[in-house]
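To start, the structure under review is shown below, and the notes come after it.
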Amino acid sequence: MREFFSRVYEMALAAGGAGVFGVSFLDSSFVPLPEISDLMVVVMVMQHKAWMPYYAAMATGGSIAGCYVIYALARKGGSGFLERRMSAARGEQVLRLYRRYGLLALMIPAILPPPAPFKIFVLLAGVAGVSPLRFVLGVGIARALRYLVLGGLTIRYGEDGLELVRTHGPLVAGIVVGLIVLGSLVWWWVRRRAQRVH
């Protein structure tokens, strides 16, 4: 298995941005490649710092595409698809998170680094009937923030940027989620004021 990971990593490195996209797609769908997406972003950014937004975008795009495969299958298969992969109690627990917190229940795990569980929330988004647009936006915003933060830390700290994300993942996620919530509140307030003016 380690040899397989090494070959995938070497091929992805040789492919540049397309390799980052491919690895992120595989990792987010049915071929788990723990931390390789993060490592790819770090290595590519260290080689070409000015291209950091591009590599973050490729990792985000690959992750969205991979997640969408699982989401679409779960949406089509419904609860039966879910029951074949986890216990009813576990599925109901995550569904309650969706009912209570909405898309944040998907976005927070999408920001957290491995080994935080994420695919279970992707499955539940399909079963819970989250609309495709909301799903893509939720995963896209969360993953973009994650890879941009990782890229920024890499520019600032080099290889230690990945270790910072590993050791302080929950804190980083909390800050990013706080910014998302704050931005949502500001957007809601601006819309309300605009409606009152008209």
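Quick notes on this structure:
- Ordering of 131-143, 54-66 by burial proxy (mean other Cβ atoms within 10 Å per residue, highest first): 54-66, 131-143
- In order through segment 142-152: 3J(HN,Hα) via Karplus (6.51 cos²θ - 1.76 cosθ + 1.60), integer Hz, x for Gly, Pro: 5, 5, 4, 4, 4, 6, 5, 5, 4, x, x
- Take the Cα of residue 193, step 7 Å toward its Cβ, do the same at residue 49, and the gap between the two points is 3.8 nm.
- If the segment from residue 35 to residue 133 were pulled out straight at 0.36 nm per residue, it would be longer than the present Cα-Cα gap by 32.6 nm.
- Segment 105-165 - accessible surface per residue (Å², probe 1.4 Å): 40
The values are calculated or read from the model by the stated rules, or taken from the named source; none is laboratory data. Only a predicted model underlies this, so the values are computations on that prediction, with no experimental measurement involved. So basically every Cβ, Gly included, is an ideal-geometry build from the backbone, and we count neighbours across all protein chains shown. Calculation scope for accessible area: heavy atoms of the full protein, side chains included, ligands and nucleic acids excluded. Shrake-Rupley method; radii C 1.70, N 1.55, O 1.52, S 1.80 Å.
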